[in-house]
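Notes follow the structure.
The values are calculated or read from the model by the stated rules, or taken from the named source; none is laboratory data. Please read these numbers as outputs of a predicted model, since none were measured by experiment. Because the Cβ atoms are built from the backbone with ideal geometry, glycine has one as well, and the counts that use them run over all protein chains shown.
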Amino acid sequence: MPDFGQTSRVDGDKAVQWAVAFSSADEVALRESLRRCSAKTIEAAVAYRKAGEIIHLPLIILGIFERFVEPDLRPRLATPDTDDLRVIEDLGLDSLTMMEIVMLVEEVTQTEIANEDLRNLATIGDIKVFVDCRARGLPAPPSATNYSSDAVRGLMPIQAPFLFIDDARIGATQATATYRITGQEFFLQGHFKDNPVMPASIMLEALGQLAVFYLLAGLPVPEGKAVGSGTIFFASTDGVRCHRVCKPGDVLTLTLKPKRVKSPLAVFGGHIRVGSEKAITVEDVTLTFGLVDTPKPETAPQS
């Protein structure tokens with residue numbers, strides 16, 4: 001584990017104020033640890049350790065991942081959707097390689113990622129947010145919660161045969177879900193004749209359903225309040241792009257990020273992938289919703 005020493009931090013500032021000096025010997029050791037990383041990663045790490053400017057953290061983390069990811073998968077780290085990449089499924093990293101990455105991130109950023117925390121860091125974005133909070137001296141973001149298909153059905157007002165979420169995961173910065181196109185969906189009988197294709201409108205519906213699930217399961221609300229399942233409705237979509245035809249057997253991975261949420265409106269951005277291939281992107285998915293009072297617990301009668 002790294003030697004964290006004594007540090008002081010300026011809350012809300014752009015820089016972490018290090019009380020422990022970063023010596024020339026420390027710089028030599030740091031450059032040696034990162035010798036197989038790109039030059040820009042090394043310089044970002046040196047700049048961070050000298051001044052504590054957290055603006056360098058994303059580049060450092062990406063550069064360390066790039067060092068360990070197989071060459072044919074490295075281009076994925078340069079896409080606009082890098083934060084959504086799953087470190088195991090999308091980047092092909094095994095548990096031992098992931099541990100090497102974690103130890104190097106800890107050493108370079110002077111933060112600590114416990115094993116129990118690591119289990120909840122599924123994506124590059126999860127790791128960036130976690131390390132950023134650690135560097136600022138802030139509490140780690142809440143752990144993501146996984147929901148089984150039974151849990152999804154139990155919470156959603158939308159049900160089969162028009163429910164297009166098999167399972168879901170709600171985290172601090174995004175919601176994800178999967179849906180497998182079985183080929184038995186009623187609408188595939190006529191879309192199209194002898195060539196079943198998932199309608200783009202249904203994929204938009206799936207993203208909207210994930211937004212509904214986020215509002216019901218993951219939106220922080222005042223005590224005594226809850227999002228009313230009967231108050232949620234589509235308002236609009238904007239910036240829709242279709243990139244890939246989806247057919248029976250494909251497993252859709254849905255990702256949705258809250259952008260602006262203030263009752264009665266919630267705006268999300270999202271996309272759907274099949275494996276590493278982008279299927280559909282949406283700049284804005286807007287829903288309306290309302291808060292309702294939660295039932296007060298009944299008190300036992302006085303004897």
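This table checks each residue for (1) surrounded by 14 or more Cβ atoms within 10 Å (Cβ to Cβ); (2) touching a residue at least 60 places away in the same chain (Cβ under 8 Å).
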position	(1), (2)
234	yes, no
237	yes, no
246	yes, yes
252	yes, yes
262	no, no
266	yes, no
269	yes, no
274	yes, no
289	yes, yes
### Task
Could you list, in sequence order, all residues of segment 144-157 that are assigned to a loop (DSSP other than H, G, I, E, B) and either without any contact (Cβ under 8 Å) to a residue 24 or more places away in the chain or over 18 Å from residue 215 (Cα atoms) (or both)?
148
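Residues are listed down the side, and each one gets a yes or a no for (1) surrounded by fewer than 17 Cβ atoms within 10 Å (Cβ to Cβ); (2) under 18 Å from residue 274 (Cα atoms); (3) at pLDDT below 90; (4) within 18 Å of the chain's Cα centre (by Cα):
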| site | (1), (2), (3), (4) |
| --- | --- |
| 146 | yes, no, no, yes |
| 151 | yes, no, no, no |
| 163 | no, no, no, no |
| 170 | no, no, no, yes |
| 200 | yes, yes, no, no |
| 206 | no, yes, no, yes |
| 217 | no, no, no, yes |
### Qualifying residue in segment 276-297 (condition: in the same structural domain as residue 184 (by TED's automatic domain parsing), at pLDDT 95 or above, among the polar types (S, T, N, Q) and touching a Leu at 6+ places or on another chain (Cβ under 9 Å))
yes
### Message
Restricting to segment 180-225, name every residue that is among the small types (Gly, Ala, Ser), over 18 Å from residue 270 (Cα atoms) and touching a helix residue (DSSP H, G or I) at 6+ places or on another chain (Cβ under 8 Å).
### Response
none
### Query
What number of residues in segment 95-124 are without any contact (Cβ under 8 Å) to a residue 40 or more places away in the chain and either among the basic types (Lys, Arg) or part of a helix (DSSP H, G or I) (or both)?
14
### Query
Only one of (1) of a type outside the set (D, E, K, R); (2) more than 20 Å from residue 84 (Cα to Cα); (3) at pLDDT below 95; (4) in contact with a Leu (Cβ under 7 Å, 6 or more places away or on another chain) fails for residue 111. Which number is that?
(4)
#### Entry: residue 92 touching a residue at least 12 places away in the same chain (Cβ under 8 Å) and surrounded by 19 or more Cβ atoms within 10 Å (Cβ to Cβ)
no
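For (1) assigned to a loop (DSSP other than H, G, I, E, B); (2) touching a strand residue (DSSP E or B) at 6+ places or on another chain (Cβ under 6 Å); (3) closer than 23 Å to residue 82 by Cβ; (4) basic (Lys, Arg), each residue gets a yes or a no:
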{"site": "187", "(1), (2), (3), (4)": "no, no, no, no"}
{"site": "192", "(1), (2), (3), (4)": "yes, no, no, no"}
{"site": "203", "(1), (2), (3), (4)": "no, yes, yes, no"}
{"site": "209", "(1), (2), (3), (4)": "no, no, no, no"}
{"site": "216", "(1), (2), (3), (4)": "no, yes, no, no"}
{"site": "249", "(1), (2), (3), (4)": "yes, no, no, no"}
{"site": "255", "(1), (2), (3), (4)": "no, yes, yes, no"}
{"site": "281", "(1), (2), (3), (4)": "no, yes, yes, no"}
